[in-house]
Amino acid sequence: MTNSGVIGRILLLGAMGLVLAIAWQNRDALVRQVTIPIPVSGVGSTSKPAFDAWLAQDESRARAFAQFERFLAEEGVAEVVEPWQLARIDGFVARECDAEPFLIPPEDLWPKVLPALRLLREEVIPTLGPVEVLSSYRSSALNSCAGGAGRSNHLEFSALDLVTAPRRRGEGLYRELCAMHDDAGPSSRMGLGAYYDLAEGDYSGGRFHIDGEGYRTWGRSYTSASSPCGRFD
């Protein structure tokens, strides 16, 4: 090897050493720049850890949720479901509409959810056991993107989309829901969305809807005619 080649290799090694020394001194900053965000552990982006992380991002958001929790406690319904679930947006809708997975409802609408929560406490949970809220409040923009009804009760924070915990599916679940709705009667003002198709079987993953805005029931096509209630043998 010629002298010039040796000198070149020495210079190259020196340059590499200098780069490595600079990188080591600035390793923390480099790690922050190249680290790829990893989703919070849990079931998708609407898990409790994801909610906690979302809440921690904004102090005003955290204050609003603390006030909401106090409201639920004062009304005696804080233990019906985990309060954080009432800020949850349907995971599929959030993804399709490019929306955040959580949304704290406006304070003036908070009383609207009380009838539904009381129905859960007095009728649904005694029949089915614990339930989990998948979706509650929707803003006008989110409701429009999701293809919701123009007068959806979700706009008023008076409706809850639910599953059992642990989740049940199939005809037995909807039989129990329909029997519960029938027993509760018109005085309950319970709205029941029983998303089960007798011809095709379960397609909704055990999902159902409860509100306190009037006694009625509907099914897959969101009409009373599509409700399985009254058609079970």
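Taking the 1.4 Å solvent-accessible surface of region 116-233 as the whole, the part contributed by carbon and sulfur is 46%.
Per-residue extension of 0.36 nm, minus the Cα-Cα distance of residue 78 and residue 198, leaves a gain of 39.6 nm for this segment. With both labels modelled 7 Å from their Cα along Cα-to-Cβ, the residue 215 to residue 187 distance reads 0.9 nm.
The values are calculated or read from the model by the stated rules, or taken from the named source; none is laboratory data. Just so you know, these numbers come straight off a predicted model, no measurement behind them. No Cβ is skipped: glycine too gets one built from the backbone with ideal geometry, and neighbour counts run over all protein chains shown. We work out accessible area using only protein heavy atoms, side chains counted, and drop any ligands, DNA or RNA first. Shrake-Rupley method; radii C 1.70, N 1.55, O 1.52, S 1.80 Å.
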